[in-house]
Amino acid sequence: MTETVRDTQAEIIDGLQQLLKKPATLEPSTNIVRDLQLDSLAVMDFIMSLEDRFEIVIPLDRVAEVETLGDLARVVDQLRGRN
């Protein structure tokens, strides 16, 4: 895993910790829907906040590929041209 992906993961985890109402252990292998029990509206709100934070647009077909925080970090880095 590259340093940029780790940096992106750290920023994503920071954003998720602010979103979650309860403490959670967040790791690259954390499944966003199953482990964090986020509904589709919460996931889309979080995706929109990431788009603002990283100044990117995440197409819905790319969102559909994402299951874990690690997947999300890789997609964000690819869209930022950092891979």
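The values are calculated or read from the model by the stated rules, or taken from the named source; none is laboratory data. Computed from a prediction, not measured in an experiment: that's the story for all the values here. Counting neighbours? That spans all protein chains shown, and the Cβs are built from the backbone with ideal geometry, glycine included. Each accessible area value is taken on the protein alone, full model and side chains, heavy atoms only, with ligands, DNA and RNA left out. Shrake-Rupley method; radii C 1.70, N 1.55, O 1.52, S 1.80 Å.
Residues in segment 67-83 that are part of a helix (DSSP H, G or I) and among the polar types (S, T, N, Q): 1 in all. Among the residues making up segment 10-33, those that are polar (S, T, N, Q) and in contact with a helix residue (DSSP H, G or I) (Cβ under 8 Å, 6 or more places away or on another chain) are SER29, THR30.
The test for being assigned to a loop (DSSP other than H, G, I, E, B), open to solvent by 30 Å² or more (accessible area, probe 1.4 Å) and farther than 16 Å from VAL5 by Cα does not hold for ALA64. Scanning segment 18-50 for residues that are in a helix (DSSP H, G or I) and either hydrophobic (A, V, I, L, M, F, W, C) or at pLDDT 90 or above (or both) turns up LEU19, LEU41, ALA42, VAL43, MET44, ASP45, PHE46, ILE47, MET48, SER49, LEU50.
Taking each residue of segment 55-83 that is without any contact (Cβ under 8 Å) to a residue 12 or more places away in the chain and within 20 Å of LEU36 (Cβ to Cβ) and looking for partners that are open to solvent by less than 80 Å² (accessible area, probe 1.4 Å) and assigned to a loop (DSSP other than H, G, I, E, B) with beta-carbon atoms closer than 9 Å, six or more apart or interchain, yields ASP71/PRO28; ASP71/ILE32.
The set of residues from segment 1-23 being open to solvent by 20 Å² or more (accessible area, probe 1.4 Å) and either within 14 Å of THR68 (Cα to Cα) or of a type in the set (Phe, Trp, Tyr) (or both) comprises ARG6, ALA10, ILE13. Taking the criterion of being under 12 Å from the mean Cα position of the chain (by Cα), of a type in the set (D, E, K, R) and open to solvent by 50 Å² or more (accessible area, probe 1.4 Å), the residues of segment 30-61 that qualify are ASP45, ARG53.
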